[in-house]
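K.L.:
Pasting a structure below so you can have a look.
The values are calculated or read from the model by the stated rules, or taken from the named source; none is laboratory data. This one's a predicted model, so the numbers in the text were calculated from it and none came from an experiment. Heads up, the Cβs are rebuilt from the backbone with ideal geometry, glycines too, and the neighbour counts pull from every protein chain shown. When the accessible area is computed, the model is the full protein with side chains, heavy atoms only, and any ligands, DNA or RNA have been set aside. Shrake-Rupley method; radii C 1.70, N 1.55, O 1.52, S 1.80 Å.
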Amino acid sequence: MKRDCTTSAAPADPATSGPVIRIAGLHKAYGLLEVLKGVDLVAEKGSVVTLIGSSGSGKSTLLRCCNLLELSQSGEIVIEGEPVRWMKEGPGRRPADARQVRRLRTNLAMVFQQFNLWSHMTVLQNVMEAPVTVLGQPAAQVEARARALLAKVGIGDKAEAWPAQLSGGQQQRAAIARALCMEPRALLLDEPTSALDPELQQEVVRVIKDLAAEHRTMILVTHDMRLAADVSDRVMFLHQGRVEEEGPPEQIFRAPQTERLRQFLSATMAG
């Protein structure tokens, strides 16, 4: 069930290996509603960590806390060995250095459930926008990379099309190309297939599997248990804001240790 690690891609350099993302004791609440209750997560370089669990278990919130789209009340977030610096603790906690946040975010690219492509830009312009405007890279250099990435995800012929002219699966593949064009250290994917019809889901699943085979660092939130089993190095089952169980996919899907996970898998597979 675990992804095949025998590929032509170069193995990770041991000298530069180590966690791309490390989270320790993370707490997040919305008013009196405590969503994350002391969560730990480690994403090693070149690994795929998949978050599973029922709706409301805290998966997407945890993912959004990784790149500070959501602000946690306590706990540690470390990106490539650099801890996020905070002011205060509790409800008033905020990052202490806005420049650090902007810099760290350039290392983490988010792929959302709803694509979020700019409707007034062509697909190529969407993919090029952030590297040119945020990173200040030369447009000609970025265009060459963007076209190569669109070809990589199977929509090279759609570069000049408008988002509205694409199917949902094509739009999500464009969103993945846009994220990759930032050359991030890690991809954060929040339910990338859940807004798609089953046939279109498979287009995106193939791209995610290809990226996993290349040893791209990814944190993936998904309700697709087959995808989780196929691409993950580690699977984390969240329940009511806590990590109820985690381990390699073979353990999680074939020999779950907790009754809650067994019930969740039984209900999910039956559905």
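K.L.:
Among the residues that make up region 245-255, is at least one of them open to solvent by 40 Å² or more (accessible area, probe 1.4 Å), assigned to a loop (DSSP other than H, G, I, E, B) and touching an Asp or Glu at 6+ places or on another chain (Cβ under 9 Å)?
P.N.:
yes
K.L.:
Mind checking whether some residue in region 43-60 is open to solvent by 10 Å² or more (accessible area, probe 1.4 Å) and β-branched (V, I, T)?
P.N.:
Scanning region 43-60, I find no residue that is open to solvent by 10 Å² or more (accessible area, probe 1.4 Å) and β-branched (V, I, T), so the answer is no.
K.L.:
When region 235-244 is examined, which residues are found to be crowded, with 21+ Cβ neighbours inside 10 Å and in a strand (DSSP E or B)?
P.N.:
From region 235-244, those crowded, with 21+ Cβ neighbours inside 10 Å are 235-238, 241; that's our starting set.
The answer is V235, M236, F237, L238.
K.L.:
Now for a separate question. Within the group G25, G75, which residue is in contact with a Gly (Cβ under 7 Å, 6 or more places away or on another chain), touching a residue at least 24 places away in the same chain (Cβ under 8 Å) and surrounded by 18 or more Cβ atoms within 10 Å (Cβ to Cβ)?
P.N.:
G75
K.L.:
V231 passes all but one of (1) crowded, with 19+ Cβ neighbours inside 10 Å; (2) closer than 27 Å to A29 by Cβ; (3) touching a residue at least 40 places away in the same chain (Cβ under 8 Å); which number fails?
P.N.:
Only one criterion in (1) crowded, with 19+ Cβ neighbours inside 10 Å; (2) closer than 27 Å to A29 by Cβ; (3) touching a residue at least 40 places away in the same chain (Cβ under 8 Å) is unmet by V231, namely (2).
K.L.:
Moving on to the next point. Of (1) over 19 Å from D190 (Cα atoms); (2) crowded, with 16+ Cβ neighbours inside 10 Å; (3) touching a residue at least 60 places away in the same chain (Cβ under 8 Å), G81 satisfies all except one. Which?
P.N.:
All conditions are met except number (2).
K.L.:
What pairs come out if I take residues in region 236-256 that are within 15 Å of S266 (Cα to Cα) and pair them with residues that are open to solvent by less than 60 Å² (accessible area, probe 1.4 Å) and in a strand (DSSP E or B) whose C-beta lies under 7 Å away, six or more apart or interchain?
P.N.:
Listed pairs, sorted by first residue: F237/I52; F237/E244; F237/E245; I252/V235; I252/F237; I252/E245; P256/E245.
K.L.:
Further question: Which is surrounded by fewer than 16 Cβ atoms within 10 Å (Cβ to Cβ) and out of contact with any Gly (no Cβ under 9 Å at 6 or more places or on another chain), of V134, V111, V153?
P.N.:
V134
K.L.:
Within region 156-167, can you find the residues that are touching a residue at least 40 places away in the same chain (Cβ under 8 Å) and crowded, with 16+ Cβ neighbours inside 10 Å? Lay out the reasoning, then the answer.
P.N.:
If we filter region 156-167 for residues that are touching a residue at least 40 places away in the same chain (Cβ under 8 Å), which is where we start, we get 162-164, 166.
Result: W162, P163, L166.
K.L.:
Taking A139 as the residue in question, decide whether it is touching a helix residue (DSSP H, G or I) at 6+ places or on another chain (Cβ under 6 Å) and crowded, with 20+ Cβ neighbours inside 10 Å.
P.N.:
For A139, the condition - touching a helix residue (DSSP H, G or I) at 6+ places or on another chain (Cβ under 6 Å) and crowded, with 20+ Cβ neighbours inside 10 Å - is not met.
K.L.:
Filter region 84-108 down to residues that are farther than 17 Å from I23 by Cα and within 20 Å of the chain's Cα centre (by Cα) and give me whichever is most open to solvent (accessible area, probe 1.4 Å).
P.N.:
Only one residue fits best here, namely R102.
K.L.:
If we keep just the residues of region 218-228 that are open to solvent by less than 10 Å² (accessible area, probe 1.4 Å) and not in a helix (DSSP H, G or I), which is farthest from V20 (Cα to Cα)?
P.N.:
The qualifying residue farthest from V20 (Cα to Cα) is T222.
Conditions tested, residue by residue: (1) under 30 Å from Q170 (Cα atoms); (2) among the aliphatic types (A, V, I, L, M).
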| residue | (1), (2) |
| --- | --- |
| Q73 | no, no |
| V101 | no, yes |
| R105 | yes, no |
| M110 | yes, yes |
| S119 | yes, no |
| P131 | yes, no |
| Q137 | yes, no |
| R147 | yes, no |
| K152 | yes, no |
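K.L.:
Within region 1-32, take every residue that is of a type in the set (A, V, I, L, M) and at pLDDT below 95 and give me the one that is nearest to G92 (Cα to Cα).
P.N.:
Pass one, region 1-32, residues of a type in the set (A, V, I, L, M): 1, 9-10, 12, 15, 20-21, 23-24, 26, 29, 32.
Next, only the ones that are at pLDDT below 95 stay: 1, 9-10, 12, 15, 32.
Numbers: M1: 43, A9: 45, A10: 44, A12: 39, A15: 38, L32: 14 Å.
Selected residue: L32.
K.L.:
Just the residues that are part of a helix (DSSP H, G or I) and in contact with a helix residue (DSSP H, G or I) (Cβ under 6 Å, 6 or more places away or on another chain), please, taken from region 148-162.
P.N.:
Selection gives L149, L150, G156, K158.
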